Amino acid sequence: MSGLPPAQGKAPDEDRSVGELAFDVTERVSILVREEIELAKTEVTEKATTLAKGSAVGIAAGIFVLIALTMFMHAVAWGINDLLGIERSIWAGFLIETGIWLVVAGIAGLVAYKLVKKGSPPKPAMAIEEAKETKATLGRVS
């Protein structure tokens with residue numbers, strides 16, 4: 001946090017009235033609260049931007065993997081048919097492969113759910129910690 005200058009350029013002295021001191025405290029608390037809010041907004045914006053960038057790169061990677069996986073799955077289905085010696089029932093290899101990929105998709109979906117649940121919602125941890133410290137400090141003063 002930044003150091004707060006004396007209110008309106010006045011040096012702290014013993015000649016100030018209680019009203020001036022109260023005004024000074026109010027002004028400083030107001031500045032402190034605004035800075036805390038700005039810190040929280042900045043922190044959430046930064047985390048949201050990082051999440052958005054990561055999501056975009058993940059989506060691009062997913063598209064490329066989907067294309068490669070489609071080609072690979074087609075080859076595996078034909079390979080299963082060749083291994084089983086099936087020439088007339090081509091669908092059998094594709095059906096077996098579909099079952100395998102549904103299991104893989106279920107596992108991936110479960111992992112994704114746990115990761116998203118762990119990372120959500122993005123909360124401003126530094127701002128919350130700073131607010132707790134400020135509250136504790138103000139609680140000791142009064």
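Numbers at a glance
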read-out	value
Point-to-point label distance, residue 48-residue 35, nm (Cα→Cβ direction, 7 Å offset)	2.4
Axial C-alpha extent at least 30 Å, average Kyte-Doolittle at least -0.5 - helices from the chain (DSSP)	18-84, 91-119
Cβ crowding within 10 Å averaged over residues, with 63-69, 75-81 ranked highest first	75-81, 63-69
Lysine-lysine proximity count for the chain, Cα under 22 Å, sequence distance 8 or more or distinct chains	18
Local electrostatic count, residue 135, Cβ distance below 12 Å [Lys/Arg +1, Asp/Glu -1]	-2
Full-stretch length increase - residue 126, residue 75 - with 0.36 nm per residue and alpha-carbon distance subtracted	13.2 nm
Options (1) -0.49, -0.90; (2) -0.69, -1.04; (3) -0.93, -1.13 - which one matches log10 I(q)/I(0) by the Debye sum over Cα atoms at q = 0.11, 0.17 Å⁻¹ as calculated here	(2)
Helix-only [θ]222 nm of the chain, DSSP H runs n ≥ 4, -39500 (n - 2.57) each, per residue, nearest 500	-29500 deg cm²/dmol
Contact order relative to length of the chain, as percent, for alpha carbon pairs under 8 angstrom and 6 or more apart	32
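Read the figures in this text as sums done on the coordinates, not as results from a lab. Everything numeric in this text was worked out from a predicted model, so none of it was measured. As a convention, Cβ positions derive from the backbone with ideal geometry for all residues, glycine included, and neighbour counts pool all protein chains shown.
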